[in-house]
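Please read the structure below before turning to the comments.
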Amino acid sequence: MEFDTTFVPAHGEAVPVAPDVVRVTVNNPGPFTFHGTNSYIVGRDTLAVIDPGPIDDDHLAALVSAIGGRPVSHIFVSHTHVDHSPLARVLQRTTGGEIVAEGPHRAARPLGIGETNPLDASGDAAFQPGRNLGDGERVAGDGWALTAIHTPGHTANHCVFALEGAGILFSADHVMAWSTSIVAPPDGAMADYMGSLDRLMARDETTYFPGHGGPVRQPAAFLRGLKAHRKMRERAILERLRLGDRTIPAMVREIYRTTDPRLHGAAGLSVLAHLEDLVERGLAQSDGAPGIDAVFSPA
């Protein structure tokens with residue numbers, strides 16, 4: 001599997017990416033957002049907006065310009081990280097449209113005793129959709145229809161949206177061409193993420209438009225590569241356990257030795273996500289509930 005990092009963001013511009021679909025990218029680059037968050041506008045006369053993005057005046061102005069005075073019937077939100085959802089409320093006040101999403105922000109599991117959530121600042125805890133979308137629920141607009149597919153893993157409330165009749169899936173942060181998705185407890189869960197990959201592997205869309213970076217043009221092969229990558233990481237963790245590593249920092253130093261040290265904190269949460277899954281499956285054990293400070297050993 002090869003990642004594609006050639007994406008040109010064209011910040012603030014409405015870039016046509018498919019018939020009646022334009023992309024507008026927020027100027028919020030970073031190690032977890034790549035060149036910025038992608039918002040999508042779907043439709044010709046009455047529109048849907050997917051993932052309005054963070055609170056950003058320039059991006060709001062770019063979206064309003066691309067909408068061009070046309071009515072907005074729906075504002076779709078894939079998940080409640082602060083680079084995707086907060087502008088939905090502002091955009092609704094500006095253009096109208098019902099805010100639809102799987103549900104409010106929540107963790108994938110309860111916090112353990114004494115555990116803190118290092119991802120609190122990244123969650124949009126204030127978000128409340130006007131309508132909660134069930135798995136497989138179809139929302140029809142003027143000349144378009146989107147189906148919500150629940151894909152927990154990156155977050156508990158992550159959802160992707162299939163554009164009917166176009167072979168297009170708006171894959172948000174679950175599948176991206178430039179990088180793997182971050183799966184970080186307690187907000188995310190590896191078992192959920194892998195199950196969601198399997199769900200998408202059973203579908204037949206031919207193009208994915210993600211929340212960051214450029215499109216995935218051969219999603220079937222890419223999904224197989226993502227799954228193989230996670231299984232390879234799982235094997236590496238089991239090998240570190242076999243070799244005597246007992247803590248997550250020790251594993252991260254070995255497994256991610258070529259990774260920018262600034263990303264080691266996120267890497268540690270990814271290792272924890274794998275270890276939670278391995279403990280649940282009886283392939284590893286920990287001294288109490290799995291956590292970032294736990295001591296792990298082979299089962």
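The values are calculated or read from the model by the stated rules, or taken from the named source; none is laboratory data. All figures in this text were calculated on a predicted structure; none of them were measured in a lab. Note that we place each Cβ from the backbone using ideal geometry, even for glycine, and neighbour counts take in every protein chain shown.
Which ones in segment 24-48 are of a type in the set (V, I, T) and in contact with an Asp or Glu (Cβ under 6 Å, 6 or more places away or on another chain)?
The answer is V26, T33, T37, T46.
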Please find, among A236, A228, the residue that is small (G, A, S), in contact with a helix residue (DSSP H, G or I) (Cβ under 8 Å, 6 or more places away or on another chain), farther than 30 Å from V26 by Cα and modelled with pLDDT of 95 or more. A236
Every pair of residues 6+ apart whose Cβ atoms lie under 7 Å, when the first sits in segment 97-114 and is of a type in the set (V, I, T) while the second is surrounded by fewer than 21 Cβ atoms within 10 Å (Cβ to Cβ): I99/Q92; I99/P129; I99/G130; V100/P129; V100/G130; V100/R131; V100/V139
What's the total number of residues in segment 255-289 that are over 21 Å from the mean Cα position of the chain (by Cα), touching a residue at least 24 places away in the same chain (Cβ under 8 Å) and under 20 Å from H154 (Cβ atoms)? 2
Inspect all residues belonging to segment 75-87 and state whether any of them is surrounded by fewer than 22 Cβ atoms within 10 Å (Cβ to Cβ) and within 22 Å of A166 (Cα to Cα). no
From A166, A145, A107, which residue is touching a Gly at 6+ places or on another chain (Cβ under 9 Å) and modelled with pLDDT of 95 or more? A145
Among the strands (runs of 3 or more DSSP E) confined wholly to segment 19-114, which include 1 or more residues that are hydroxyl-bearing (S, T, Y)? 21-25, 38-42, 72-76
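Does S171 satisfy the criteria of being surrounded by 16 or more Cβ atoms within 10 Å (Cβ to Cβ), touching a strand residue (DSSP E or B) at 6+ places or on another chain (Cβ under 7 Å) and among the hydroxyl-bearing types (S, T, Y)?
Against the criterion (surrounded by 16 or more Cβ atoms within 10 Å (Cβ to Cβ), touching a strand residue (DSSP E or B) at 6+ places or on another chain (Cβ under 7 Å) and among the hydroxyl-bearing types (S, T, Y)), S171 qualifies.
From A61, A18, grab the single residue that is surrounded by fewer than 18 Cβ atoms within 10 Å (Cβ to Cβ), in contact (Cβ under 8 Å) with a residue 60 or more places away in the chain and of a type in the set (A, V, I, L, M). Steps first, answer last, please.
Numbers: A61 fails: in contact (Cβ under 8 Å) with a residue 60 or more places away in the chain.
So the residue among A61, A18 that is surrounded by fewer than 18 Cβ atoms within 10 Å (Cβ to Cβ), in contact (Cβ under 8 Å) with a residue 60 or more places away in the chain and of a type in the set (A, V, I, L, M) is A18.
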When you check R257 against the structure, is it basic (K, R), surrounded by fewer than 16 Cβ atoms within 10 Å (Cβ to Cβ) and not in a helix (DSSP H, G or I), yes or no? yes
